[in-house]
Each structure stands twice: as C-alpha cells, then as structure tokens.
Amino acid sequence: MANLNEPVLLKAVVELIASRHVDMGYCEATVPSNFKAIETSCTQAYVLGTLGLHSGSDYKEEQFFIPFISSFLFTCIKDRYGMFNLEWSASLS
C-alpha cells in the first residue's frame, strides 16, 4: 500500500502545469465520427509518500512504513472545449 503526501494538491499542480502548455489545436482536428480528438500535455514531478509493507505469519504480523520520493510522469488530456485533466501517471524509478 502506498500513501501519497497531499494527493489533491499534487493533482491541482499537475493540471495547472498542463494548462500552461501551448495548445497546438489537435483537439479541434477533424476525425472520424467514432473517434474524439484530444490535446495532450505531460510533465514530470517528484512525489513524496509512504510505502506500507506487511510481513510475518498469521500469528504475528508486522507492519513497516518506508518514506519514499520518486519521479513520476503525469499525462493530462483535454477535448475540444474542456480543460486539461489528469488522466494517468507512471513512476520513472
């Protein structure tokens, strides 16, 4: 189990950085009717949190909590009339 420090603030900051991205107009491209054109923006950020580990037998279980800092790649997308929204992230470590 991993707990992130300030996940709401992290999401807000990533979306703010994404919105500063220069809109190339891809979200207004003509595409087939069953597709949706989107604009993407990616940013790298460091994330702080705590990783929880459980060990031991059924009789005596121990918990360990290890703080971490890791670099993540965040990807935001927006459609034609929307704002950038955080869609996914990946750890770079």
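Things to note:
- Scanning segment 6-51 for residues that are in a helix (DSSP H, G or I) and either at pLDDT below 80 or farther than 23 Å from residue 90 by Cα (or both) yields 18, 19, 26, 27, 28.
- Residues of segment 52-93 that are among the acidic types (Asp, Glu), farther than 30 Å from residue 41 by Cβ and part of a strand (DSSP E or B): 61, 62.
The values are calculated or read from the model by the stated rules, or taken from the named source; none is laboratory data. Quick caveat: nothing in here was measured; it's all calculated off a predicted structure. For neighbour counting, all protein chains shown are included, and Cβ atoms are generated from backbone atoms with ideal geometry for every residue, glycine included.
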